[in-house]
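The values are calculated or read from the model by the stated rules, or taken from the named source; none is laboratory data. Bear in mind that the values here come from a model prediction, so they are computed numbers and not experimental data. Neighbour counts run over all protein chains shown; Cβ positions are idealised from the backbone, glycine included. These accessible areas exclude ligands, DNA and RNA; they are computed on the full protein's heavy atoms, side chains included. Shrake-Rupley method; radii C 1.70, N 1.55, O 1.52, S 1.80 Å.
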Amino acid sequence: MNHDDLNLWSKRAADWASEYHASLRDRPVRAPLVPGAISSQLPPIPPETPEPIETIFADFDRIVPPGITHWQHPRFFAYFPANAAPASMLAEQLANAIAAQGMIWQTSPALTEIEQVMIQWLRQSLGLPEGFTGTIHDSATTATLSAVLTMREQALGFEGNHEGLSGAPVLRLYASAETHSSVDKAARVAGIGQNNLVKIPTDGSLSMKPGALAGAIAADRAAGFLPAGVILCAGGTSVGAFDKIGECIAVAHAAGLPVHVDAAWAGSAMIAPEFRALWAGIEAADSIVFNPHKWLGAQFDCAVQFLRNPTPQVKTLGLRPSYLETAGTEDIVNFNEWTVPLGRRFRALKLWFTLRAYGLEGLRDRIRNHVAWAEEACEALRALPGVRIVTEPRLSLFTFALGDDATTEALLNRINDDGRVYLTQTRHKGAYVIRVQVGQFDCTRDDVQMIAKVVAALM
Ligand SMILES: *Cc1c(COP(=O)(O)O)cnc(C)c1O
């Protein structure tokens, strides 16, 4: 295959894409789960000789779609949707065509400079004060790992990277049990250890108790541990918990600890000023992550980390061997020094296209609709005899259950085998509950109303 073939086949791929998207409402959302059904159709050995692209494309069309859970289906109400707005898909095609690396400014100035401008556009969109800067990571997991590595190095006077941790005091991190498992993973990967991630109790509203945070830090210091930082939750994945951001940051800062806030899915909602009370006090955070690849429609991968002061993170992650030096200019930004990987895709391009193609007003309308429609769906389910709303809507997320765990799980299996909507489960206070998360870019009010219809028909 050469570039002429690419021209032809990328046009065919565009036609395929438009038929695919137009057909989504007629397909079951979740792939039928038959282990091995896809892999058994592929030969176990790689080809020795070239194959025609016609054959490859035909195999793709035959084998792949039946094994896909359709994340761009308008009735995907599971996890949090990973949205891909059409404008974002177009930008990704162009980024693919260029296929440049943005590890340092001179490896493609446009990658770095558009990224810097997009960070500032998003900072203003979310109502964050001037002074925050930031970078784009692949995922919230990587952003949180970067923040935790920085906490570790700050606590150790930036010696951990050189000395290792074996002779160091035992570090401690603090978060509530409502934070995402990426925080647990960061504690593990950073060498701090799962057992040194202290889970602070939450109050009736599922916020970390600020007094309990202060107490845990003081007790750890008295016991000879070295507290390193606090991770707060602004929209938990399970049921949408929000910590009391301002109060918890005040406690952390009074104890001299930096704070990272995980707002991966809910952060996008802050483009609408009426939701900002949920994270009141955010301007004091040291680091914030949110995923435009969730609710803003800039497709995966696109996780934005805002930093009040990038210097500690650059001191932690930045390495500048002589082959990565830039001739002449000292005041340019080399974004690989802000992140874990060296290589960097042109992720800012899809933000530029998406923000312009829909405008903040268009994006706000979508999010406001999703929140309103989730509340309607919650009321429709509450009205069904036998359905219990377990957690009330937090933005566009709520949970419900039937009489006991087994009947709730059986209902969820029937819903997902039916295929008209896709929902997933979580555990809340030990009980099995079904999550409803409205956030798909193309979903309509009718699509959301389908949830209660399907539940009513299948219970
Ligand atoms: C989705 C999510 C994550 C993980 O996001 P990735 O970008 O897939 O790493 C982390 N935290 C919260 C609250 C999330 O909703």
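Observations on the structure shown:
- Solvent-accessible area of M1 with every protein chain in place, 1.4 Å probe, in Å² to the nearest 10: 140
- Over the chain: Rg over Rh, Cα atoms, Kirkwood Rh: 0.98
- Cα centroid of the range 383-459 to Cα centroid of the range 84-99, whole Å: 33
- FRET efficiency, H3 to I68 (Cβ-Cβ, R0 30 Å, nearest 0.05): 0.60
- Stretchable slack from L90 to L360, in nm (0.36 nm times residue separation minus alpha-carbon distance): 95.3 nm
- Across the range 138-150, rounded Karplus estimates of 3J(HN,Hα) from the backbone phi angles (6.51 cos²θ - 1.76 cosθ + 1.60, θ = phi - 60°) give 5, 9, 4, 4, 5, 5, 5, 4, 4, 5, 6, 4, 5 Hz, Gly and Pro being marked x.
- FRET efficiency for A431 and A372, using Cβ-Cβ distance with R0 set to 30 Å, rounded to 0.05: 0.65
- Remark: the K315-Q101 segment gains 74.8 nm on full extension, using 0.36 nm per residue and subtracting the alpha carbon distance.
- Accessible surface area normalised per residue over the chain is 44 Å², counting heavy atoms of protein chains with a 1.4 Å rolling probe.
- Checking the cross-link pairs K209/K244; K199/K429; K294/K350; K429/K453 against a 19 Å limit on the alpha carbon distance flags K429/K453 as lying beyond it.
- The listed residues I98, I332, once ranked by accessible area (1.4 Å probe) with the largest placed first, stand as I98, I332.
- Estimated inter-spin distance, I56 and A14, nm [label 7 Å along Cα→Cβ]: 2.0
- Around the amide H of V198, modelled in the peptide plane, lie the amide H atoms of L173, Y174, A175, all under 5 Å away and 5 or more residues distant in sequence or on another chain.
- Per-residue 3J(HN,Hα) values for the range 29-38, derived from phi via the Karplus relation 6.51 cos²θ - 1.76 cosθ + 1.60 with θ = phi - 60°, read 5, 8, 4, x, 9, 10, x, x, 5, 8 Hz in sequence order (x marks Gly and Pro).
- Cross-link partners of K315 among aspartates and glutamates (Cα-Cα below 18 Å; sequence separation of 8 or more within a chain): E153, E159, E163, D286, E325, E330, D331, E337
- Positive-end residue, the chain charge dipole about Cα centroid, Cβ charges, pick of T202, S146, A175: T202
- Rounded to 5, the percent of DSSP beta bridges in the chain classed as antiparallel: 60
- At q = 0.17 Å⁻¹ the log10 of I(q)/I(0) for the range 101-345 amounts to -1.28, computed by Debye summation with a single uniform scatterer per C-alpha, solvent ignored.
- Helical runs assigned H by DSSP (4 residues or longer) give the chain a calculated mean residue ellipticity at 222 nm of -13000 deg cm²/dmol, each run adding -39500 (n - 2.57) before division by the residue total.
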